[in-house]
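The values are calculated or read from the model by the stated rules, or taken from the named source; none is laboratory data. From a predicted model like this one, the values you see are computed outputs, not experimental measurements. FYI the Cβ positions are ideal-geometry reconstructions off the backbone, even for glycines, and counts take in every protein chain you see.
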Amino acid sequence: MAKYQSMNPWLIAAPAVAAGFASFTAYGAVHARAQLFGPTLVYSNQPDKLALTFDDGPNPAITPKLLDLLDRHQAKATFFLIGKYVRPFPALAKEIAARGHLLGNHTDSHPNLFFCGPAETRDELRRCTDAIHQAAWLEPRWFRPPFGFRSPWLGEIVARQRMQTVMWTLIPGDWRAKSLDWLIARMQPIADHARKQASPGTGARTPLRGEILCLHDGDFRQPGGDRTRTLAALEFWLPRWRDAGLEFVTITQAAGKAGEA
Ligand SMILES: [Zn+2]
């Protein structure tokens, strides 16, 4: 029963509490904009700055091609790495940083943190940071929870490890077995948003917020995951987003008082 005991007690208690409270807890655990479980960066602080983020790498099958693609478009991005993939490919993790991108922490083994107790959560974050430090001699300052799931103690653990949690404004679902056209269409809101920001005036005042886009250059279930559609969709969108007036920045560049809560 050790597994059950290490589960989130809020979840164990859920059947005993009112349905309203249970759904409130679930809202805080998964909703990208919820601040219930600690301060979280949820959008870029400037409408013309798009923060590109890539989870679940490094991945030797995809990441080098992605780095070349980003270079061709003068784009800087943030890579939320998994510790178990950093250890076998330390040179690749180091190269991502050497080419001007930011390394973030995405846990060591990609568990759903809603089911992890405090000790296991601390360990997952620490082991990922250790792997990144050994590979690239730097410590990540940004953390993204796997699946976007948070727990009541995650905020404090992230803060104690001198990191801040980052969610997203758009997660198109590039891991799904869908066509390239489908994925390209799922990323359309960024161009629409940029165009709206560029020509305000009609109707309600648009908030001065930019996007944080969540894509994947790896697959947490298996090494060497195929993300060629993600590359192709970026190949399509990067020049168009540039034409729409967007600049591609890291999470640190996107962060600021306006984007924090
Ligand atoms: Zn992930």
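Results, tabulated for the structure shown:
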item: Scan of the stretch 106-128 for residues that are touching a residue at least 40 places away in the same chain (Cβ under 8 Å) and touching a strand residue (DSSP E or B) at 6+ places or on another chain (Cβ under 8 Å), ordered by number; result: H106, H110, C128
item: T121 modelled with pLDDT of 95 or more, hydroxyl-bearing (S, T, Y) and either in contact with a Gly (Cβ under 7 Å, 6 or more places away or on another chain) or assigned to a helix (DSSP H, G or I) (or both); result: yes
item: Elements of type helices (runs of 4 or more DSSP H) in the stretch 42-100, at least 2 residues being away from the ligand (no atom under 15 Å from the Cβ), over 16 Å from the mean Cα position of the chain (by Cα) and more than 20 Å from L238 (Cα to Cα); result: 90-98
item: When residues of the stretch 140-176 are limited to those that are crowded, with 22+ Cβ neighbours inside 10 Å and among the aromatic types (F, W, Y), the one farthest from the ligand (Cβ to nearest atom); result: W142
item: Residue within the stretch 105-122 that is more than 20 Å from D56 (Cβ to Cβ), surrounded by 15 or more Cβ atoms within 10 Å (Cβ to Cβ) and small (G, A, S) present; result: yes
